[in-house]
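Before any comments, here is the structure.
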Amino acid sequence: MRLLVLAAGCLLATAAEPPLPSLAAEPVRDGSAIRIRNTATVPLSAFIVEIVDYPGNRFRMVQDELWGQPIASGQQREYRTAALMPGAVPEYLKVQAAIYSDGTTAGQLTHIAILLDGRRISLRGIRAVLDRVSSASPLENAHIIASLQAWKETIAPELRFVVDTAIRIVKSEGVAAMVDEYKRAERLLASSKPDLH
């Protein structure tokens, strides 16, 4: 009886963690093509790919599909990189971590933490931009751009990409479009799984 309980527990533990996505890589003109296939039963929303144990070379690709379209179960997606090494040594390229849309994760805990920390930083930066813009006056493009550029120099380096993106949207589409886009991103991050709190 004890062996049956132990066996059932092992099966449940195995079922709790989905498999890591499969990958393939090959050289292409001016870089490498990396193909990720979601082998789990739920959509894949984020992952990290690295070159592992290859002497003298490092490569890491962090991809979060929360903003776009998570990779559906059984589907494959190709990513292009200017880095030559992934295609040159595909046997050393490994998926180190994955997050699925239902909040389940697979892979190394340190790498899962990198993905979640990236989402937390993005959420913090997006909320800070929205707070700053909502208290700004006037809400003219040039004024907002100048305000964000000056503010960017005073904040933590890891948050600056969020401000740069906001500036780029304001320049091309205006303040209202940036606010709409950032409110959408805030909702996506706040409701993403696993919980960011």
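The values are calculated or read from the model by the stated rules, or taken from the named source; none is laboratory data. The structure presented is a predicted model; accordingly, all values stated were derived computationally and were not measured. Areas reflect the complete protein model, heavy atoms only, side chains present, ligands, DNA and RNA absent. Shrake-Rupley method; radii C 1.70, N 1.55, O 1.52, S 1.80 Å.
At a probe radius of 1.4 angstrom, the accessible area of segment 79-175 per residue rounds to 51 square angstrom.
Assuming a strict under-27 Å limit between Cα atoms, what lysine pair count do you get for segment 63-197 once near-sequence pairs (fewer than 8 apart, same chain) are dropped?
Numbers: K94/K193; K152/K171; K152/K183; K171/K183; K183/K193.
Count of close lysine pairs: 5.
Under a 5 Å amide H cut-off, with hydrogens placed 1.01 Å from N, A46 pairs with E65, I99 among residues at least 5 apart or on other chains.
Which far-off residues, 5 or more places away or on another chain, put their amide H under 5 Å from the one on F59, with H placed in the peptide plane? Amide H neighbours of F59, under 5 Å, 5+ apart: I51. Helical runs (DSSP H, four residues minimum) scored at -39500 (n - 2.57) apiece and divided by the length of the chain put the mean residue ellipticity at 222 nm at -14500 deg cm²/dmol.
Working note: Karplus 6.51/-1.76/1.60 with θ = phi - 60° gives segment 37-53 the couplings 10, 7, 9, 8, 8, 10, x, 8, 10, 7, 7, 10, 10, 9, 7, 10, 6 Hz, where Gly and Pro are set to x. Between (i) 71, 48, 28; (ii) 58, 38, 33; (iii) 61, 35, 31, which matches Cα extents along the principal axes in Å calculated for the structure shown? Correct label, based on the coordinates given: (i).
Considering Cα pairs under 8 angstrom that are at least six residues apart, work out the relative contact order of segment 67-117 and quote it in whole percent.
Working: 24 pairs, mean separation 10.7, N = 51.
Averaging sequence separation for qualifying contacts and normalising by length gives 21 percent for segment 67-117.
Would you work out what percent of the accessible area of segment 64-197, with all protein chains in place, is carbon or sulfur (probe 1.4 Å)?
Values: 3770 of 7100 Å².
Its accessible area is 53 percent carbon and sulfur atoms.
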